Structure formats: C-alpha cells, structure tokens
Amino acid sequence: MEFVLVSLLNGITYGMLLFMLSSGLTLIFSMMGVLNFAHASFYMLGAYFAYQVSVILGFWPALLVAPLLVGLCGVLIERYGLRNAHKYGHVAELLFTFGLSFLIEEIVRLVWGKAAVDYRIPEALNGTLFTLFSSNFPIYKGFMMLVSVGMLLALYALLTRTRTGLIVQAALSRPDMVEALGHNVPRIFMLVFGGGVALAALAGVIGGNAFITEPGMAAAVGTIVFVVVVVGGLGSLAGAFVASLLIGIVQTFAVGLNVSITDIAALFGVELQASGAMARLTLTQLAPILPYLFMVAILVFRPRGLMGARES
Amino acid sequence: MSFRISNMQLLAALALLFTGSALAQVKIAYIDPLSGPFANVGDAGLKQFKEIVEQVNQTGGAAGQKLEMVPFDNKGSPQESLINFKSVTDQGIRYITQGNGSGVAHALVDAVSKWNARNPDKTVLFLNYAAVDPTLTNEKCSFWHFRFDANSDMKMEAITNFMENDKKVKKVFILGQDYAHGHAVAKAAKAMLAAKRPDVKIVGEDLHPIGRVKDFSPYVAKIKAADADTIITGNWGNDLSLLVKAAKDAGLKAKFYTYYAGGLGTPTAMGAAGEGQVLQLTEWHMNVQPNKTEAFALAFNKKYPDLDFYYLRVNTMVTMLAKAMNDAKSTDPTRVARQLEDMHYQADTGDVWMRKSDHQLIQPLYISIFAKQDGKAVKHDIEHTGYGFKTLASISARDTQLPTSCVMERL
C-alpha cells in the first residue's frame, strides 16, 4: 500500500513536470505547425537563468524572472529567426530549431562551463511536507506539483476565458480567416512561441534544482517531450496532459516492480530459457525505454495519438 | 647583423615558450570525462593530479625531467577514449591515466596492448587510478596496465568481512550502475555474503542506466517496499549523490555501504541525514590516524574551496611513477614498467606493494562512517558540512589480498 501510494505520488510529480515541459511544445506545434526541436534547450536555459538570477536576487525572483527572460529570448528568436525560415516551409523551420538546439547547448557550455552548476533548492522548501506511513514526501515535490497545477489552470483559463485565448484558438485552425478579420497573426505566433518556451523555462527553473543543472540536461529530456506530444496527440493540450501523467506513472511503477521478462512472457504462455540474457532482464531495467515502446505502439495503432485532433 | 641576433633571440624565446623550462617534460595524458554527467568527477581528479605533479616537480622531478598532465575529454565514453588515445599516440605521449569507468579502461587496455605490439619502440603505459572491475587484473590483465586502486572484489571482501560481525545487517538491497563495475559489485556482494553470512537475505537487486537517472525516488520507494536495512552500492559521482538525496528526502532509514561516499557532492547531499547511516571503503580519508597527508590535503582544500582532497592513491601513483623513473634512470615506459612491478613503496598510509603477478597495488584500506565533527576522531569535516568520516576498521595491506587468475604475457 505504502509502495503504491508513494510511487503514485512520485509518478504524478514526474508526470506534471513532463507536462510543463511538453505543453509549450504542443502549443507551438498546434499553432504554428513548427516542431520545435530546441524546446528542451529552453528548459535548460530556464534552469541556468534561474541559477544566475538566484545567485544575485534569490530563488523567488528567479522563479518569475527566468521564464520571462527565456520567453523574451523566444520572442526575439521567432521574430528575427524563425519567421524568416517560415517562408521556406516546414523543413527549413525544422532545421532552424535543430541547429538552434546545438547552438544553445554550446553557448551554455561556454558561459557556465561543462560541469554542473550549484543550483540548489531554497532553504524554505527543504524538508518534509507530510509523512505517508513511513515515507516522507518532500516539500519541494509538493511545490513542483503546485506550480504545475497552477500553470495548467492559468493556461486553461487563458485559452478558454480570455479574448486573446479565443484569437489564439481561432488562429490555430483558421489563420487566414483571423487575419482577414484584422488580427496580426504573425504577432500572435510570436507571442505563442515566446509563451511556449517560457513554459519550458518554468519547468527548468523548478526541475533544475530538483535534479541537476548541467549542459546535458536538455538532451536528457529532449526525446521524452516528443514522446509525450506524439502519445498525447499532436496539437492536443489535454492529450499532452494525459500522456505526461501516464508516462510518469508507468515509468515510476516499472522501476519499482520486481518483474522480469520471464514473468511477463509466462503471462502469455511463452517459456523463456532461463539462461538467456533476455530472460534475465527485469522491468526495472526496461523502465527507461518503456515510453519509447509506448510511442511506437501509438504510432502503429493510433497515429493521431490518444486525443489528437488531426492526423499530422 | 643586429637583425640576425634578434632572430636568434626570437628563436630562443620560442624554444623557451614551448618547453616551459630547460628540463624536458614527461607528459601524462589524463583521459577522463571533462564534460557530460560526470564532468565534476573528471575535473576533480585532474586538479588532484596537477597538485601532486607540481609537488614532484618541485622536489626534483622524475629521472631529471618534469612531469606534465595533458587533459583529454573522453565524455565518459569508450569510443571517445579511443579517439583520445589516437591523439595521445600522435602527440608522442607515452603515459596515460584514466579512472572513471571500467568500460573505458577495458577499451584502453585493448588499444594500448595493440599499439605496443605494433610499435615496440613507442610503447605506452596505462596507469589506472580508479577503474575497479576485477577482470582488469585477472582474465584481462596486461603487462601495460597498472592499477593503483583496490579492485571491486578486494573492496567487497573488506566490506563483507566487516558485515560478518555486524548482526544488525539482515536484509540487503544491491543497487548499481548498469555496466561492468555495477555488475562486478553485485556479483561479488552476492557470492561473498552467501559464504560469510548465509543468514542475510538479499531482498532486491537493481541496475540502473549510468548517469541517466536524475530522480532516484522510484528506486528508493522500491528499497523501502523491500524493507531493506542495508544497501550496498558501487555508485559514484552524481549517481551516488542523487541516490542519497532521494533516500534522504523519502526518510529512508537504512545503512548505505558505499565505495565512493566521501566526495563530489555526496556529503553535501547527505547532510545531517547521513550521520551514522553511510559507510565508505577507501584507501584514505581525512581522519585516518596517523594522517601523513593532512598538510597536503589542507593546502589542496584551501586552493580549491569547492573540492576536498580525496584520492590518496593519485599521490601514491604519481610518486611511485617518479620513483620508478628515477630507479630506471629513464622515462621509457617499458623500463619504467619493469621497475614498477614488484615495487615496495612507503606510502602515506603504510607499506604498499605493486604485485608483480597482476599489477594490482596492495595497500591498506579503511572502513569509515559519516559522523559529526568532534575535533577528535572526526577532526576534519568534509565539504563544510560539519560532518566527516570516522574510521571503523582498518584493513592491513596483507589482508586485502585476493588470489588472481592473471596469466600475464611478459616482454
């Protein structure tokens, strides 16, 4: 019981962080049709900016300032980079963001060095929030959940309850019509791109000190966010939410369960030879590849994803 | 005429610039991660090498020459290390050292052996300061490889001997990184515990991808569910500090038996929660008695406030190498290797011996526990935490010896 509850909490925390990361990606993709390969790099930038700001001003200002700064970077990159690439079609855009991800990683290495920086959880958030049976739940994980739920609600309210949200939604499916009505669609695109990468940066701010802030952190999450978006359905925010939680929880439980491939094969009535390397593999070892397995399965059986609105 | 003289001066200045001094240099290539998840480990190691090399150079150098460390970033990967090794041989460097990752060490041993077979006049010597997979001095041993750290089996032998008398150990969980080293630790732990403490139950055994897990809380939840009272882990670098951090956050009350808890952020991650819970097996720590390295270590810590001196074996290795060069009156790797094998040497913690049969250094080891600084048994703290390591058991060099299956091809 303790194990199930603790793993569930761990899984949800991880899932929420994944959602924060991938929501921006989904937003940008559904709006602009741009698959932003550099998305995880903005997550890394968020962590590094937060580290730098927290050295000068402390953690709380960093929580606000870092995503704003990264958002501003995003706006400038869209305005002076991506918009030009846009003229030459999707392939040019894709290559542009692909190159951007390498550029950002190298810049981070040059500015902050190759090793991890000492970005720590603030003292006020160090400690135990509550104790479940005999396991402690740290305050910081609670804080991570709070921030991501807050972000989810704010995003939902923005998209469905405000005028800006309505225009954004309209530009999503009928950009020509929106433009004809006198709205500045390129500017909306620019703001969405800035907002999307700011969300990734926010995830970086709270993920960077929970885990570790180093130049490899973008590559570490770079692929998993695409899994979330593909599984959730391209362009679906709700889908990304469900997929994030699903992947977070499945992966956490897979690590925790004591099941080997032999056991799983036995379920299907297949007898594996005990001496084989394959038979000795445990679910725990397979946990890191499960999301990718999931993605391949989704692409084969339901290409539009769990909640995707369209095929591509 | 004056033009010609100034040209000569220029040449002389250039020559000085390139050699740095009138003495020739013996270059030692340092092939370890300087970027990626283990960059901090490689960086700390390099600084320690530079410190002792500087001391050796100030006290006469080796065979009349100065030593110099040349860093190569292998990003923690065997493939990159082989590319590094190519540059090493291209630059005519004859000594290499590496420590982080037995996978890398295996690749380098292979490459060095092949290179030396093809280039007998340009042989390269591999000095291993931390890769502890036992096979490197057993089945896969090589004349060109010398190991200055106790191998994983020797360490596990010492840990399990200690556990033999600790009746509180009842349920053991083994967690390790999924590569040669983690496998070796798990295998040795199981075999030795079965022989020495058949009553102890192994309640779980897991391998995780090396350097890729950022959140260990699912593993900690599993350890808790298995109700383990003791964890054995060979993890190092961030794989250890993040594990300990997750254990602390979840309030896991179990003893950690580790190889590498004494450095690189792990003490900081443990803080007060590690007191009396985390043990390490090392060849040295800041509170060993008598501590002949104290002054050196304090000077190092002062120079690098973010680091704590950690690798006594690096000092032992560099000074032994210098002695071997002095004894051989040469810096030729083949002749130096012949001096190194079977060398008895007075290191800071006592007599050490480079066993000739497998090139494994036999040195005293210590089991120590994380405890509050008290000015006596715990004279120095570590990473400014207010906690340091306290010796629980000293193992004499002789008692650390294990038989070897090495059949060495000699020159």
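Estimated from the Cβ-Cβ distance and a Förster radius of 25 angstrom, the FRET efficiency linking A:A170 and A:H90 is about 0.70.
In terms of the mean number of neighbouring beta-carbon atoms within 10 Å, the peptides A:25-33, B:319-327 order highest first as A:25-33, B:319-327. For the residues of B:207-215, the average number of beta carbons from a partner chain within 10 Å of their own beta carbon is 5. For a straight C-alpha distance cut-off of 16 angstrom, the aspartates and glutamates reachable from B:K245 (same-chain residues fewer than eight places away being disregarded) are A:D118, A:E123, B:D215, B:E275, B:E383.
Here the calculated FRET efficiency for A:F102 and A:L68, from their Cβ-Cβ distance with R0 = 22 Å, stands at 0.35, rounded to the nearest 0.05.
Listed as lacking a disulfide-compatible partner in the protein assembly as shown: A:C73, by the criterion of no other cysteine Cβ under 4.7 Å. For chain B, modelled as a GNM whose springs connect Cα atoms under 10 angstrom apart, the maximal fluctuation among B:L392, B:L279, B:L108 occurs at B:L392.
With a Cα-only, solvent-free Debye model of chain A, what are the log10 I(q)/I(0) values at q = 0.11, 0.13 Å⁻¹? Scattering profile of chain A, log10 relative to I(0): -0.73, -0.98.
Which one of A:G58, B:P198, B:T293 is farthest out on the positive end of the charge dipole of the protein assembly as shown, using unit charges on Cβ (Lys, Arg +1; Asp, Glu -1) and the Cα centre as origin? Selected residue: A:G58.
What Kirkwood hydrodynamic radius, in Å, does the protein assembly as shown give when the mean of 1/r is taken over all pairs of distinct Cα atoms and then inverted? When all Cα pairs of the protein assembly as shown are included, the Kirkwood radius is 27.9 Å. Taking each of B:K86/B:K356; B:K171/B:K224; B:K190/B:K390; B:K168/B:K379; B:K47/B:K292; B:K75/B:K155 in turn, the alpha-carbon distance tops 22 angstrom for B:K86/B:K356; B:K190/B:K390; B:K168/B:K379; B:K75/B:K155.
With the simple spin-label model, which puts each label point 7 Å out from Cα in the Cβ direction, the A:V259 to A:V296 separation comes to 1.9 nm. Model label points for B:K376 and A:Y80, set 7 angstrom from Cα along the Cα-to-Cβ axis, are 6.6 nm apart. Over the Cα atoms of chain B, each weighted equally, I'd like the Debye log10 I(q)/I(0) at q = 0.06 Å⁻¹, rounded to two decimals. For the requested q values the scattering log ratios are -0.25. Between segment B:339-411 and segment A:1-37, what is the C-alpha centre distance in whole Å? Rounded to whole Å, the Cα centres lie 47 Å apart. With both labels modelled 7 Å from their Cα along Cα-to-Cβ, the B:A194 to A:V4 distance reads 3.4 nm. With protein chains left intact and a 1.4 Å probe, residues in the protein assembly as shown average 43 Å² of accessible area per residue.
What you get for segment A:2-215, charging only the Cβ of Lys and Arg (+1) and of Asp and Glu (-1), is a dipole of about 400 debye around the Cα centre. Extension gain for B:D90-B:S396 works out to 106.0 nm (0.36 nm per residue, less the C-alpha to C-alpha distance).
The values are calculated or read from the model by the stated rules, or taken from the named source; none is laboratory data. Remember, it's a predicted structure, so these values are computed and weren't measured experimentally. Note: ideal-geometry Cβ built from the backbone for every residue, glycine included; neighbour counts use all protein chains shown. These accessible areas exclude ligands, DNA and RNA; they are computed on the full protein's heavy atoms, side chains included. Shrake-Rupley method; radii C 1.70, N 1.55, O 1.52, S 1.80 Å.
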